Amino acid sequence: MRSRHPILALVLAPTAAIADVQVGASGFVVKHEATLDAPPARVYEALVRQIGSWWNPSHTYTANSGNLSLDTRPGGCFCETFPEGGGVEHLRVVYVAPGRELRLAGALGPLQLSGLAGSLRWRLSDAAGGTKLEVTYSVGGFMEGGFTEIAPAVEAMLGDQVARLVRFVTTGAPTAE
């Protein structure tokens, strides 16, 4: 599907992850699950301390993931600084259980232009020999034109981020090159 929102448009490489998207009249929810061959502490460290190393730069305003930061305290910011000054708050941290769960609130990318509220949850749990990662992004409110087109684009964008995190943790590189 081609999106009107280029920041969310991408081709998602196949992964062993499980994905789901549900769309309704007042919002949508996307879910991704993956199992990593790494302990939860390592996955959490990559998630919160190395986000600029694995986040896809095509889903930033500056095309540079190195401009991202994640302050992991309640009220902290998942932010991006602009080289010429200024920046953007992508999401706000609302819940932190180190090594287990991180919840953020807000609307990503073009969703910020509408009357929407979102909740993004990264949940880690022990799995046989590694970590089960569950990512859920629930968005609700009003968006001109509805959610039918944007929800699959958001699902693909988050799926890409999950796949890049999994590859980064397991191979040291976010892309399969």
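The values are calculated or read from the model by the stated rules, or taken from the named source; none is laboratory data. Predicted, not measured: the structure shown is a model, and the values here were computed from it. Quick reminder, even Gly has a Cβ in these numbers, built from the backbone with ideal geometry, and neighbours come from all protein chains shown. Heavy atoms of the whole protein, side chains included, go into the accessibility calculation; ligands, DNA and RNA do not. Shrake-Rupley method; radii C 1.70, N 1.55, O 1.52, S 1.80 Å.
Computed quantities for the displayed model
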{"read-out": "Residue match in the range 99-109 (condition: assigned to a helix (DSSP H, G or I), open to solvent by less than 70 Å² (accessible area, probe 1.4 Å) and more than 27 Å from Thr171 (Cα to Cα))", "value": "yes"}
{"read-out": "Residue match in the range 145-164 (condition: open to solvent by 10 Å² or more (accessible area, probe 1.4 Å), assigned to a strand (DSSP E or B), at pLDDT 95 or above and among the hydroxyl-bearing types (Ser, Thr, Tyr))", "value": "no"}
{"read-out": "Identity of the residue in the range 116-142, over 20 Å from Asp20 (Cβ atoms) and in contact with a Gly (Cβ under 9 Å, 6 or more places away or on another chain), that ends up surrounded by the fewest Cβ atoms within 10 Å (Cβ to Cβ)", "value": "Phe142"}
{"read-out": "Failed criterion for Leu113 (all others in (1) crowded, with 16+ Cβ neighbours inside 10 Å; (2) closer than 27 Å to Val23 by Cα; (3) not charged (D, E, K, R) hold)", "value": "(1)"}
{"read-out": "Some residue of the range 153-160 being acidic (Asp, Glu) and either closer than 24 Å to Thr35 by Cβ or touching a residue at least 24 places away in the same chain (Cβ under 8 Å) (or both)", "value": "yes"}
{"read-out": "Residue count for the range 100-133, restricted to those that are under 24 Å from Gly75 (Cβ atoms), touching a residue at least 40 places away in the same chain (Cβ under 8 Å) and in contact with a His (Cβ under 8 Å, 6 or more places away or on another chain)", "value": "2"}
{"read-out": "Pairs, first surrounded by 15 or more Cβ atoms within 10 Å (Cβ to Cβ) and hydroxyl-bearing (Ser, Thr, Tyr) in the range 37-62, second part of a loop (DSSP other than H, G, I, E, B) and at pLDDT below 95, C-beta under 9 Å, six or more apart", "value": "Thr60/Ile7; Tyr61/Ile7"}
{"read-out": "Evaluation of Val96 against (1) part of a loop (DSSP other than H, G, I, E, B); (2) aliphatic (A, V, I, L, M); (3) over 13 Å from the mean Cα position of the chain (by Cα) (one fails), failing number", "value": "(1)"}
{"read-out": "Where Leu8 falls short, out of the listed (1) at pLDDT below 95; (2) open to solvent by 20 Å² or more (accessible area, probe 1.4 Å)", "value": "(2)"}
{"read-out": "Some residue of the range 72-87 being charged (D, E, K, R), buried (at least 17 other Cβ atoms within 10 Å of the Cβ) and under 13 Å from the mean Cα position of the chain (by Cα)", "value": "no"}
